[in-house]
Structure formats: C-alpha cells, structure tokens
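Trainee: Can you read through this structure? Questions will come right after.
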Ligand code: C5P
C-alpha cells in the first residue's frame, strides 16, 4: 500500500497490490418490492449498521434495484481488508445477475476498493482505487490474517499520514514461487502502517507475533489496518502458525487463508 500523492479533493493516490482471500462474508440478494433493505447476522455482525451507512445498501441504491439483502458477517469490520467494499461489489454482481443490467459506472464513490472487488483478480491498483491493472497470476500464498479487535477508521489513518508524496511500488516481475514474491514484497511498503500504529499501537504486537512463527517469510499490515498478514511457505506452516497464535491470543481474530 504505497501512497503516492493527494488530490485537491483530499483523496489519496495509491499504488497497491490487491489480492483475494478464500474466506469472506456471505450474502443473499433477492429482488423484492419496496425500498432496498438488509439484515446483518453472523459472528462479526456486532456494530455493523444495517442502514444507509452500510455499503451493501448504498450499492443497491446506486444500482437502482429494490433488493432484499442478507449479509452474514464473518470478516471484522473497519479492519483494512476491504470487507465492506467486497460486500458492496458482491451486491452489485448479484443485482447484475438478477436483472441482466450492467454494473453502473462510479462504483468507486461507494468505497475506493469497490471497483477492484468487482473483478476479484490479483490487481495493481492505482489512482484512488479506480485505475486497475491485472497482474500475471501470482503463486497461491499461504497466509495467516490477524486482527487484534481494534477498529481503525480509514479516514483517521489517512489524516495522520505524515507525507502523501512517497515513492511508487517497484515493478512486479514474473514470480514463480511464494519465496520470490516475499523477496519482492521486501522492497515494498505499507505507507499507512506508521499512522495506523499511532491509532492502534497493538499493530506492532501483531506484526511481531506473526514474524515469530516458524517459517514466516514476511509480515505486513493490510490496507489501513489493523489487520495484518503473515506469509508462510506452505499450508502446514501457516496452519501451525495460526494455531500457535490462537493459543497465545484467544481474543484476536486469526485465520489461515490462501491469497490469490
Ligand atoms: O472510500 P473509502 O470508504 O474506502 O475511504 C474512506 C476514507 O479514506 C475516505 O473518505 C478518505 O478520507 C480516505 N481515502 C483516501 N484516499 C483513498 C481512499 C480512501 O484519502 N484512495
């Protein structure tokens, strides 16, 4: 997550590698007469609004379809992993399938990460999130996601960023295996890590805990935080890392996953 500038309207220019996990929220979308409506259930539903603040409902309004949306929340909210944006993108895709109409333009106005989530393919994301270039297939990455249970509001992190003018992401070479990707990632940064750590100092603890697990190739914060990921050479080491972290930190949200 390189931040490379700031537009006159206050939005930041990004240069970021976006990948997709094999875990996520679940959505049911049906066309139903009346205004768009939604329910939120699931293990991470607490505190998630089911009104006009929710990106799912805003997506239905943008699409212009009367939809009944049931969101089962499994990912932590305000966690820097694009959960809200991917939910909104899923609603738009469902409404496209249900109505035969295309997704309308301007989805980045819902959330900067909505356009990239419509395609769900590993992507280099620039602009404020609307300039998308698919990257050649990455090796599947065995990762552990960890969120320490502290919600970190994205606008506050951007506000605390010391300088918006930082170097862009280095070019992405063809990468054969996770170790080569981890090496390349060593030359990249998350420019939002320092400001996010001001908001939630526990992020430093999360990164150290991921790095301390045997085999860890790299640990980084995702997006504007507080979720961090550790990369491991295989499913076995990622699973063991997740189990050890759960034992040490029963209050943290910890999930092994494959990133693509
Ligand atoms: O668009 P999204 O809801 O993801 O972003 C939340 C906030 O984060 C924005 O209102 C803005 O303050 C900040 N942001 C930014 N530049 C971006 C994306 C988000 O400054 N490219």
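The values are calculated or read from the model by the stated rules, or taken from the named source; none is laboratory data. Fair warning: this is a prediction, and the values are worked out from it, not measured in the lab. Neighbour counts are summed over all protein chains in view; Cβ atoms, including those assigned to glycine, are modelled from backbone coordinates with ideal geometry.
Trainee: So, residue 193, is that one in contact with a strand residue (DSSP E or B) (Cβ under 7 Å, 6 or more places away or on another chain) and within 16 Å of the ligand (Cβ to nearest atom) or not?
Mentor: yes
Trainee: Within the range 59-76, how many residues turn out to be surrounded by 20 or more Cβ atoms within 10 Å (Cβ to Cβ) and either within 25 Å of residue 227 (Cβ to Cβ) or within 16 Å of the ligand (Cβ to nearest atom) (or both)?
Mentor: Here the count works out to 7.
Trainee: Continuing with this model, one more query. Scan 189, 160, 101 and give me the residue that is over 30 Å from residue 256 (Cβ atoms) and surrounded by 13 or more Cβ atoms within 10 Å (Cβ to Cβ).
Mentor: Just a single option satisfies the conditions, and that option is 160.
Trainee: Now, a different point. What are the residues in the range 138-174 that are without any contact (Cβ under 8 Å) to a residue 40 or more places away in the chain and within 26 Å of residue 236 (Cα to Cα), if any?
Mentor: 174
Trainee: Here's another thing I want to ask about it. Which of the residues belonging to the range 232-247 are in contact with a helix residue (DSSP H, G or I) (Cβ under 7 Å, 6 or more places away or on another chain), surrounded by fewer than 24 Cβ atoms within 10 Å (Cβ to Cβ) and not in a loop (DSSP other than H, G, I, E, B)?
Mentor: Once the filter is applied, which keeps residues that are in contact with a helix residue (DSSP H, G or I) (Cβ under 7 Å, 6 or more places away or on another chain), surrounded by fewer than 24 Cβ atoms within 10 Å (Cβ to Cβ) and not in a loop (DSSP other than H, G, I, E, B), the range 232-247 yields only 245.
Trainee: Right, another one. Among the strands (runs of 3 or more DSSP E) lying completely within the range 75-192, list those that include at least 1 residues that are on the phi > 0 side of the Ramachandran plot.
Mentor: Fully inside the range 75-192 and qualifying: 123-127.
Trainee: Sticking with this structure for a sec: If I ask for residues that are in a loop (DSSP other than H, G, I, E, B) and either surrounded by fewer than 19 Cβ atoms within 10 Å (Cβ to Cβ) or on the phi < 0 side of the Ramachandran plot (or both), which ones from the range 200-223 would you list?
Mentor: 200, 201, 212, 213, 214, 215, 216, 217, 222
Trainee: Could you pull out the residue among 89, 94 that is at pLDDT 95 or above, in contact with a helix residue (DSSP H, G or I) (Cβ under 8 Å, 6 or more places away or on another chain) and surrounded by 15 or more Cβ atoms within 10 Å (Cβ to Cβ)?
Mentor: 89
Trainee: Next question. As an exercise: evaluate residue 1 against (1) under 30 Å from residue 251 (Cβ atoms); (2) within 12 Å of the ligand (Cβ to nearest atom); (3) touching a helix residue (DSSP H, G or I) at 6+ places or on another chain (Cβ under 6 Å) and give the number of the one condition it does not meet.
Mentor: The single condition residue 1 does not satisfy is (3).
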